[in-house]
Amino acid sequence: MRESYCGLCDDCQLGNPGFLETVTRLKDYLDQVRANVWLHCFPGQEGFSLAEFRKGLEWFLAHTECPGCRNGRGLDDCPIRVCAQARHLDHCYQCPDLEPCDKYALLLVQFPDVKVNLRRRQIKFKAREYHRKLEGEKK
């Protein structure tokens, strides 16, 4: 199971059956194309390498299982990962300083909802913790 501190792995398409089916179908279709026959229609910088595109599709099909940064993948020096490990947190949504955290600046460029999703998980986490506390007091 893939897990990350930041929550990005929750929405990752790597290994998603629908995504893999689409990649497979596209690769199979492109395997029927002999050459970049359409490249002459788009001179200059508009072209691309069909071989590199195929290589990218093959990469997706060969890398369907990523364990996430909590289980050994990702960047060792990721500021989010370093912080969560230093605070002994399983997930960033457990952090009391999530709202003002500035370690997400790079992720927010590509994934603008990452912190919003974490805040939702944080609210659910706090509610569960509160209900557990109430249950303990009843006993």
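Condition first: of a type in the set (S, T, N, Q), without any contact (Cβ under 8 Å) to a residue 40 or more places away in the chain and part of a helix (DSSP H, G or I). Can you find one or more residues in region 70-79 that meet it? Outline the logic, then answer.
In the first step, residues of region 70-79 are kept if they are of a type in the set (S, T, N, Q); the result is 71.
Next cut, without any contact (Cβ under 8 Å) to a residue 40 or more places away in the chain only: none.
Within region 70-79, none of the residues are of a type in the set (S, T, N, Q), without any contact (Cβ under 8 Å) to a residue 40 or more places away in the chain and part of a helix (DSSP H, G or I).
Can you pull out every residue in region 86-111 that is free of Cβ contacts under 8 Å to residues at least 12 places away in the same chain, open to solvent by 90 Å² or more (accessible area, probe 1.4 Å) and farther than 17 Å from C9 by Cβ?
Correct list: R87, H88, P96, P100, D102, V109.
Run D97 past the list (1) closer than 30 Å to Y130 by Cα; (2) in contact with a Cys (Cβ under 6 Å, 6 or more places away or on another chain); (3) assigned to a loop (DSSP other than H, G, I, E, B) and report the number of the one that doesn't hold.
Here D97 clears every test but (2).
Considering only region 71-97, state which residues are modelled with pLDDT of 90 or more and among the small types (G, A, S).
If the condition is that a residue be modelled with pLDDT of 90 or more and among the small types (G, A, S), then A84, A86 are the ones that fit.
Name every residue in region 3-15 that is within 24 Å of A86 (Cβ to Cβ) and open to solvent by 60 Å² or more (accessible area, probe 1.4 Å), in order of residue number. Write out each step before concluding.
The initial filter retains those residues of region 3-15 that are within 24 Å of A86 (Cβ to Cβ), namely 3-10.
D10 - this is the single residue of region 3-15 that is within 24 Å of A86 (Cβ to Cβ) and open to solvent by 60 Å² or more (accessible area, probe 1.4 Å).
Out of curiosity, is H40 assigned to a loop (DSSP other than H, G, I, E, B), farther than 27 Å from L14 by Cβ and not acidic (D, E)?
Numbers: assigned to a loop (DSSP other than H, G, I, E, B): no; farther than 27 Å from L14 by Cβ: yes; not acidic (D, E): yes.
Spelling it out, it is not the case that H40 is assigned to a loop (DSSP other than H, G, I, E, B), farther than 27 Å from L14 by Cβ and not acidic (D, E).
Checking the conditions here, which among G68, G18, G56 is surrounded by 14 or more Cβ atoms within 10 Å (Cβ to Cβ) and at pLDDT 75 or above?
Values: G18 fails: surrounded by 14 or more Cβ atoms within 10 Å (Cβ to Cβ); G56 fails: surrounded by 14 or more Cβ atoms within 10 Å (Cβ to Cβ).
None of the other options fit; the residue is G68.
Scan region 27-35 and give yes if some residue there is closer than 12 Å to F60 by Cα and at pLDDT 80 or above, otherwise no.
Just the residues of region 27-35 that are closer than 12 Å to F60 by Cα, to begin with: 27.
With at pLDDT 80 or above added as a condition, the list becomes 27.
Yes, region 27-35 contains at least one residue that is closer than 12 Å to F60 by Cα and at pLDDT 80 or above.
Quick check on region 115-139: of everything there that is among the aliphatic types (A, V, I, L, M) and modelled with pLDDT of 90 or more, which residue is most open to solvent (accessible area, probe 1.4 Å)?
Residues of region 115-139 among the aliphatic types (A, V, I, L, M): 116, 118, 123, 127, 134.
If we keep only those that are modelled with pLDDT of 90 or more as well, we get 116, 118, 123, 127.
Details: V116: 69, L118: 3, I123: 104, A127: 42 Å².
Among those that are among the aliphatic types (A, V, I, L, M) and modelled with pLDDT of 90 or more, it is I123.
The values are calculated or read from the model by the stated rules, or taken from the named source; none is laboratory data. Here the structure is a predicted model, which means the values were calculated and not measured. A quick note on method: Cβ atoms are made from the backbone with ideal geometry, for glycine too, and the neighbour counts reach across all protein chains shown. Quick note on the areas: whole protein, heavy atoms, side chains included, nothing else; ligands and nucleic acids left out. Shrake-Rupley method; radii C 1.70, N 1.55, O 1.52, S 1.80 Å.
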